[in-house]
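Worksheet: the structure to be examined is printed underneath.
A short reminder: the numbers here are calculations on the coordinates, not readings from a lab. On a predicted model such as this, the values are computed, not experimentally measured, just so you know. In this analysis, Cβ positions are derived from the backbone assuming ideal geometry, glycine residues included, and neighbour counts consider all displayed protein chains.
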Amino acid sequence: MDLRGVRHLAIIMDGNGRWAEARGQIRSRGHRAGVDAVREVVTECARAHLPWLTLYALSTENFRQRPSLEVHTLMALLRRFMINERPTLMENAVRLVTAGRLHELPPRVLAEIRRTEALTANNRGTTLCLALNYGGRGELVDAAQAIAREARAGRLNPEDIDEAALAQRMYCPSMPDVDLLIRTAGDLRVSNFLLWQISYAEIFVTSMCWPDVRRPLLEEAFGEYARRDRRFGGVQGGGAAS
Ligand code: FPP
């Protein structure tokens, strides 16, 4: 698979519920099928040597507002994923990291996540970042609090607070800016995802629900990305204005 220059792919995995409802099944069947898509996408991206892949697995809003049975199912799937996928992650040299308020997750789930992070910490292939109990505004609030604490302790001058200082206090300071953001299931919004890191991302929305996503959809999105003219606020083609 040709990445067409994408270094950081981020995905809003939406439509598990709709996928299940369209088949007359309960929502948790959609989440289960979503795990198969996660496995396939991670493996394809790792084989293509994508440097960084971030998946929006659970927003803070999902965690707080979904019925407790659905949250329970998602937590169980996440825990099983952490245990079952270790051999595949190791085989493909994937390094797992996480972003979000992880400390609020059930301890049994968190323990397996931490084990997988530790096991894969030295892998040098794709970095897979799972956004869990994640919110972009929350990430900015947490970064602002960290900065305020350092300033109060006299370790940081307010004049030295620049974009780099803020970036260093995000959940994953080494996370590069997002090149391509894919959203499945058709909605045209960013849903509080990586607000800082998507500033110049190209956005690709598909009507396909997440459980149906496989390599052809990734190839379509990478192809579309290659046709975009990324200007970063500059002029067309990146050249000097005449
Ligand atoms: C959105 O579908 C998806 C989620 C809220 C959870 C995503 C979870 C998975 C893909 C499976 C678990 C992940 C891992 C990494 C093990 P939705 O329920 O909002 O769908 P709807 O908008 O059609 O209702």
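In the chain, helices alone account for a calculated mean residue ellipticity at 222 nm of -13500 deg cm²/dmol, with every DSSP H run of four or more residues adding -39,500 (n - 2.57).
Any idea how far the Cα center of region 172-232 sits from the one of region 4-50, in Å? Spelled out, the Cα-based centre of one part sits 13 Å from the other. In terms of surrounding Cβ atoms within a 10 Å radius of their Cβ, ARG228, ARG169 rank from fewest to most as ARG228, ARG169.
Can you tell me the FRET efficiency between ALA226 and ASP187 if r is taken as the Cβ-Cβ distance and R0 is 22 Å, rounded to the nearest 0.05? Efficiency, rounded to the nearest 0.05: 0.35. When ARG86, ARG23 are sorted by how many other C-beta atoms sit within 10 angstrom of their C-beta, beginning with the fewest, the order is ARG23, ARG86. Suppose the Debye formula is applied to equal point scatterers at every Cα of region 1-81; what is log10 I(q)/I(0) at q = 0.26 Å⁻¹? Values returned for q = 0.26 Å⁻¹ are -1.28. Counted by neighbouring Cβ atoms within 10 Å, the residues ASP177, ASP229, ASP14 run from fewest to most as ASP229, ASP177, ASP14. Between ALA151 and CYS172, what FRET efficiency comes out of the Förster formula 1/(1 + (r/R0)^6) with R0 = 22 Å and r the beta carbon distance, rounded to 0.05? It comes out at approximately 0.45. With the convex hull drawn around the C-alpha atoms of region 101-215, the volume per residue stands at 157 Å³. Spin-label pair ASP142-GLU219: with each label point 7 Å from Cα along the Cα-Cβ axis, the two points sit 3.7 nm from one another. Computed over the chain, the range of Cα coordinates on each principal axis works out to 55, 50, 34 Å, biggest value leading.
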